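*Asks:* Following this message is one structure expressed as structure tokens.
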Amino acid sequence: GIGVGFDTEGANSITIEEPQYTNDVHVIDDSREGWVNSVHMLLDGFFFGQKIPRFDYSAIRPLGAPILGFGGTSSGPEPLKELHASLTDLYTPKIGEPITSVDIVDTENLIGRCVVAGNVRRSAALAMGKHNDMYYLQMKNDQEKLYHHRWGSNNSFNAVVGMDYTWHANQSQQNGEPGYIWLENARKRGRFRDGERLDDINVAGFNPCVEQQLEDAELCCLVETFPAKHDDFEDYLRTLKIAYLYGKTITLSNTHWPETNAKMLKNRRIGLSQSGVIQAFNKHGRREIYKWCNEAYEYIKELDEEYSNWLCIPKSVRTTSIKPSGTVSLLNGSTPGIHFPEDEYYIRRIRFSSYSEMLESLRESGYHIEDDEYSPNTSVVEFPVHEPYFKKGKRNVSMWEQLEIAAQYQYYWADNSVSVTVTFKPDEATQIKDALEMYETRLKAVSFLKHEETGYKQAPYESITKEKYEKLIKNIRPLQRFDIEEEGTGTKFCDGEACEVTF
């Protein structure tokens with residue numbers, strides 16, 4: 001699965017027009033393409049003054065009906081009806097006005113809200129605006145719209161080395177956004193250890209959690225490894241070779257989009273990532289792991305030379321990343337990406353379709369379940385966790401240590417990008433501006449999030465006491481397996497430990 005990245009460069013490029021409403025009836029096909037086509041028609045009406053027919057939703061299967069191909073159960077036509085109404089309400093008052101960056105992001109977010117309500121579907125979205133577009137940068141300050149649909153993208157901006165970060169740093173203190181992306185750093189640098197290189201100058205943006213720099217229409221291809229699970233470097237290299245071969249093989253596949261295929265065939269970009277980095281520090285030592293990173297990177301270059309020649313395809317333009325991870329790392333007991341564990345004891349929240357067959361088993365096993373406050377047809381399950389390798393958590397680590405680890409990994413390992421959400425304490429908030437000035441030439445991207453007080457309800461992680469943990473697990477019975485073919489719908493808010501913003 002992939003996420004979607006988009007920018008606001010189209011602001012002011014068109015003037016909203018009066019659509020031509022007709023009595024023609026368009027029966028919406030019961031498919032993803034059918035839903036997309038209906039939204040396309042509606043937007044073309046407002047963007048180009050084209051005809052908007054009367055939509056007939058009768059062919060869409062009813063709420064709860066099984067979806068045999070994609071899996072899960074149908075949400076019925078209501079989410080699509082709501083989307084059509086929301087987009088109409090958004091653009092009707094703006095007829096005769098130029099489209100704004102806020103309109104663009106709201107449109108994407110409203111579509112995201114619809115897809116979320118669509119049940120067993122997930123995605124992630126990254127919006128990238130300009131550093132001086134204050135209306136865009138303050139979008140998530142509107143709490144009502146935030147909880148309705150503006151949670152649907154991670155909003156970042158194209159930062160410029162040498163700029164004044166005063167206003168942006170103050171904004172970051174409020175709700176953890178916007179994120180900072182130094183696009184020129186991405187275009188002109190691989191690993192920072194290697195100096196300037198101009199073989200990726202056409203980078204247009206990033207994937208939603210900003211570990212993979214991408215050209216327009218290009219896909220990310222990520223493979224996760226866990227150095228802390230290895231007792232020595234040679235053992236890790238064996239795993240890394242398998243990870244490389246898997247990622248490289250995936251680049252041989254074609255998609256349905258010719259533009260995407262052209263970029264993938266040319267760049268062969270992969271992202272070999274590490275998770276459980278903090279655990280690896282604790283097990284092998286920080287300096288030793290940096291040494292592993294540097295030597296392993298050289299090993300990957302050798303592999304890429306050998307196998308690219310053997311396959312008669314281009315070498316990969318970039319090969320290494322640090323993804324934020326989340327559920328994947330937790331499944332094998334690893335801390336996510338380069339992030340510290342939330343705490344020794346915490347709650348991990350995962351979202352499921354409200355019609356999921358898993359929910360009853362989870363409820364019977366004693367897990368707390370409640371309705372999602374953001375998305376219809378979605379339930380939130382709380383899993384209490386005890387971190388087994390705990391030495392230091394977010395409450396104990398400084399903002400500066402987190403930034404330095406990210407910079408070191410951008411130096412020794414990641415020729416794509418390091419995805420990092422730096423948590424800061426209240427007394428560190430005023431230091432964000434200084435931190436940005438100090439690390440603007442050592443990172444490609446960063447975001448900040450106030451520790452604990454995120455402003456989000458039902459956040460992916462919540463620190464708890466040992467007493468509360470023991471109380472929560474008291475009535476939980478082990479659940480070994482589900483005899484069904486479905487999955488959780490992931491998490492919300494790409495905060496560095498959980499990449500998927502579920503739809």
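The values are calculated or read from the model by the stated rules, or taken from the named source; none is laboratory data. Since we're looking at a predicted model, the values are computed, not measured. Every residue, glycine as well, gets a Cβ built from its backbone with ideal geometry; the counts of neighbours run over all protein chains shown. Surface accessibility is based on the protein's heavy atoms, side chains included, excluding ligands, DNA and RNA. Shrake-Rupley method; radii C 1.70, N 1.55, O 1.52, S 1.80 Å.
*Asks:* For the subset of the range 1-41 comprising residues that are among the hydrophobic types (A, V, I, L, M, F, W, C) and under 28 Å from the mean Cα position of the chain (by Cα), which member is farthest from Ala127 (Cα to Cα)?
*Replies:* Of the range 1-41, the ones among the hydrophobic types (A, V, I, L, M, F, W, C) are 2, 4, 6, 11, 14, 16, 25, 27-28, 35-36, 39, 41.
Filter once more, keeping what is under 28 Å from the mean Cα position of the chain (by Cα): 2, 4, 6, 11, 35-36, 39.
On the way: Ile2: 15, Val4: 9, Phe6: 5, Ala11: 13, Trp35: 22, Val36: 20, Val39: 20 Å.
The selected residue is Trp35.
*Asks:* Follow-up. Taking the conditions exactly as written (open to solvent by less than 30 Å² (accessible area, probe 1.4 Å), β-branched (Val, Ile, Thr) and either part of a loop (DSSP other than H, G, I, E, B) or at pLDDT below 90 (or both)), does Val328 satisfy them or not? Steps first, please.
*Replies:* Values: open to solvent by less than 30 Å² (accessible area, probe 1.4 Å): no; β-branched (Val, Ile, Thr): yes; either part of a loop (DSSP other than H, G, I, E, B) or at pLDDT below 90 (or both): yes.
So Val328 fails the test.
*Asks:* Does the range 367-379 contain any residue that is assigned to a strand (DSSP E or B), among the small types (Gly, Ala, Ser) and touching a residue at least 24 places away in the same chain (Cβ under 8 Å)?
*Replies:* Let us first name the residues in the range 367-379 that are assigned to a strand (DSSP E or B), namely 368-371, 378-379.
Subsequent filtering for residues that are among the small types (Gly, Ala, Ser) retains 379.
Those still in the list that are touching a residue at least 24 places away in the same chain (Cβ under 8 Å) too: 379.
Among the residues of the range 367-379, at least one is assigned to a strand (DSSP E or B), among the small types (Gly, Ala, Ser) and touching a residue at least 24 places away in the same chain (Cβ under 8 Å), which makes the answer yes.
Matching residues to (1) open to solvent by less than 20 Å² (accessible area, probe 1.4 Å); (2) among the basic types (Lys, Arg); (3) more than 30 Å from Tyr236 (Cα to Cα):
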residue: Arg113; (1), (2), (3): no, yes, yes
residue: Tyr165; (1), (2), (3): yes, no, yes
residue: Arg193; (1), (2), (3): no, yes, no
residue: Leu219; (1), (2), (3): no, no, no
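*Asks:* If I ask for residues that are without any contact (Cβ under 8 Å) to a residue 24 or more places away in the chain and not hydroxyl-bearing (Ser, Thr, Tyr), which ones from the range 251-261 would you list? Let's see the steps before the verdict.
*Replies:* Here is the first cut: in the range 251-261, the ones without any contact (Cβ under 8 Å) to a residue 24 or more places away in the chain are 253-254, 256, 258, 261.
The answer is Asn254, His256, Pro258, Asn261.
*Asks:* Condition (residue is surrounded by fewer than 23 Cβ atoms within 10 Å (Cβ to Cβ) and within 30 Å of Tyr135 (Cβ to Cβ)) applied to the range 252-270: is it met by at least one residue?
*Replies:* Within the range 252-270, none of the residues are surrounded by fewer than 23 Cβ atoms within 10 Å (Cβ to Cβ) and within 30 Å of Tyr135 (Cβ to Cβ).
*Asks:* Every residue in the range 337-363 that is under 12 Å from Val385 (Cβ atoms), open to solvent by less than 30 Å² (accessible area, probe 1.4 Å), part of a loop (DSSP other than H, G, I, E, B) and modelled with pLDDT of 85 or more, please.
*Replies:* Scanning the range 337-363 gives Pro341, Asp343.
*Asks:* Restricting the search to the range 394-438, which residues are aromatic (Phe, Trp, Tyr) and touching a strand residue (DSSP E or B) at 6+ places or on another chain (Cβ under 7 Å)? Steps first, please.
*Replies:* Of the residues in the range 394-438, the ones aromatic (Phe, Trp, Tyr) are 400, 409, 411-413, 424.
Of everything in the range 394-438, those that are aromatic (Phe, Trp, Tyr) and touching a strand residue (DSSP E or B) at 6+ places or on another chain (Cβ under 7 Å) turn out to be Tyr409, Trp413, Phe424.
*Asks:* Taking the options Val203, Val161, name whichever one is of a type in the set (A, V, I, L, M), at pLDDT 95 or above and open to solvent by less than 30 Å² (accessible area, probe 1.4 Å). Working first, answer last.
*Replies:* Values: Val161 fails: open to solvent by less than 30 Å² (accessible area, probe 1.4 Å).
Only one candidate passes the filter, namely Val203.
*Asks:* Of everything in the range 364-378 that's in contact with a Ser or Thr (Cβ under 9 Å, 6 or more places away or on another chain) and under 21 Å from Leu83 (Cβ atoms), which residue is most open to solvent (accessible area, probe 1.4 Å)?
*Replies:* For the range 364-378, the residue satisfying everything is Asp371.
*Asks:* Mind checking which residues of the range 86-107 are closer than 18 Å to Lys130 by Cβ and touching a Leu at 6+ places or on another chain (Cβ under 8 Å)?
*Replies:* Quick first cut of the range 86-107, residues closer than 18 Å to Lys130 by Cβ only: 98-107.
Of everything in the range 86-107, those that are closer than 18 Å to Lys130 by Cβ and touching a Leu at 6+ places or on another chain (Cβ under 8 Å) turn out to be Asp103, Asp106, Thr107.
*Asks:* From the list Val115, Val161, which residue is touching a residue at least 12 places away in the same chain (Cβ under 8 Å) and in contact with an Asp or Glu (Cβ under 6 Å, 6 or more places away or on another chain)? Don't jump to the end; show me each part of the working.
*Replies:* Details: Val115 fails: in contact with an Asp or Glu (Cβ under 6 Å, 6 or more places away or on another chain).
Residue meeting the stated conditions: Val161.
*Asks:* What are the residues in the range 295-314 that are out of contact with any Leu (no Cβ under 8 Å at 6 or more places or on another chain) and closer than 22 Å to Ser325 by Cβ, if any?
*Replies:* Tyr297
*Asks:* Against the condition hydroxyl-bearing (Ser, Thr, Tyr), in a helix (DSSP H, G or I) and more than 25 Å from Arg187 (Cα to Cα), how does Tyr307 come out, does it pass?
*Replies:* Details: hydroxyl-bearing (Ser, Thr, Tyr): yes; in a helix (DSSP H, G or I): yes; more than 25 Å from Arg187 (Cα to Cα): yes.
Considered against the rule, which asks whether it is hydroxyl-bearing (Ser, Thr, Tyr), in a helix (DSSP H, G or I) and more than 25 Å from Arg187 (Cα to Cα), Tyr307 comes out as yes.
*Asks:* I need the full set of residues from the range 298-324 which are open to solvent by 70 Å² or more (accessible area, probe 1.4 Å) and in contact (Cβ under 8 Å) with a residue 12 or more places away in the chain, in order please.
*Replies:* Result: Lys301, Lys315.
*Asks:* Can you tell me which of Glu9, Glu17, Glu33 is closer than 26 Å to Ser156 by Cα and either touching a residue at least 12 places away in the same chain (Cβ under 8 Å) or out of contact with any Gly (no Cβ under 8 Å at 6 or more places or on another chain) (or both)?
*Replies:* Working: Glu17 fails: closer than 26 Å to Ser156 by Cα; Glu33 fails: closer than 26 Å to Ser156 by Cα.
Selected residue: Glu9, the only one of Glu9, Glu17, Glu33 that is closer than 26 Å to Ser156 by Cα and either touching a residue at least 12 places away in the same chain (Cβ under 8 Å) or out of contact with any Gly (no Cβ under 8 Å at 6 or more places or on another chain) (or both).
*Asks:* Is it fair to say Val381 is among the β-branched types (Val, Ile, Thr), open to solvent by less than 60 Å² (accessible area, probe 1.4 Å), closer than 30 Å to Lys81 by Cβ and at pLDDT 90 or above?
*Replies:* Numbers: among the β-branched types (Val, Ile, Thr): yes; open to solvent by less than 60 Å² (accessible area, probe 1.4 Å): yes; closer than 30 Å to Lys81 by Cβ: yes; at pLDDT 90 or above: yes.
Yes.
*Asks:* Mind checking whether some residue in the range 264-284 is among the basic types (Lys, Arg), closer than 30 Å to Glu342 by Cα and in contact (Cβ under 8 Å) with a residue 12 or more places away in the chain? Walk me through it before giving the result.
*Replies:* First, the residues of the range 264-284 that are among the basic types (Lys, Arg): 266, 268-269, 283.
Filter once more, so that each one left must be closer than 30 Å to Glu342 by Cα: 283.
Going one step further and asking which of them are in contact (Cβ under 8 Å) with a residue 12 or more places away in the chain, we end up with 283.
Yes; the residues of the range 264-284 include at least one that is among the basic types (Lys, Arg), closer than 30 Å to Glu342 by Cα and in contact (Cβ under 8 Å) with a residue 12 or more places away in the chain.
*Asks:* Here's a follow-up. With the checklist (1) open to solvent by 50 Å² or more (accessible area, probe 1.4 Å); (2) part of a helix (DSSP H, G or I) in hand, flag the one item Asn294 doesn't pass.
*Replies:* (1)
*Asks:* Only residues that are under 15 Å from Phe340 (Cβ atoms) and free of Cβ contacts under 8 Å to residues at least 12 places away in the same chain: list them for the range 397-433, please.
*Replies:* Result: Glu401, Glu404.
*Asks:* Would you confirm whether any residue within the range 339-361 is free of Cβ contacts under 8 Å to residues at least 40 places away in the same chain and more than 24 Å from Arg150 (Cβ to Cβ)? So that I can check it myself, show each step before the final result.
*Replies:* Of the range 339-361, the ones free of Cβ contacts under 8 Å to residues at least 40 places away in the same chain are 354, 359-360.
Next, from what is left, pick out any that are more than 24 Å from Arg150 (Cβ to Cβ): 359-360.
Yes; the residues of the range 339-361 include at least one that is free of Cβ contacts under 8 Å to residues at least 40 places away in the same chain and more than 24 Å from Arg150 (Cβ to Cβ).
*Asks:* Out of curiosity, is Ile432 open to solvent by 10 Å² or more (accessible area, probe 1.4 Å) and β-branched (Val, Ile, Thr)? First the steps, then the outcome.
*Replies:* Working: open to solvent by 10 Å² or more (accessible area, probe 1.4 Å): no; β-branched (Val, Ile, Thr): yes.
No: the conditions fail for Ile432.
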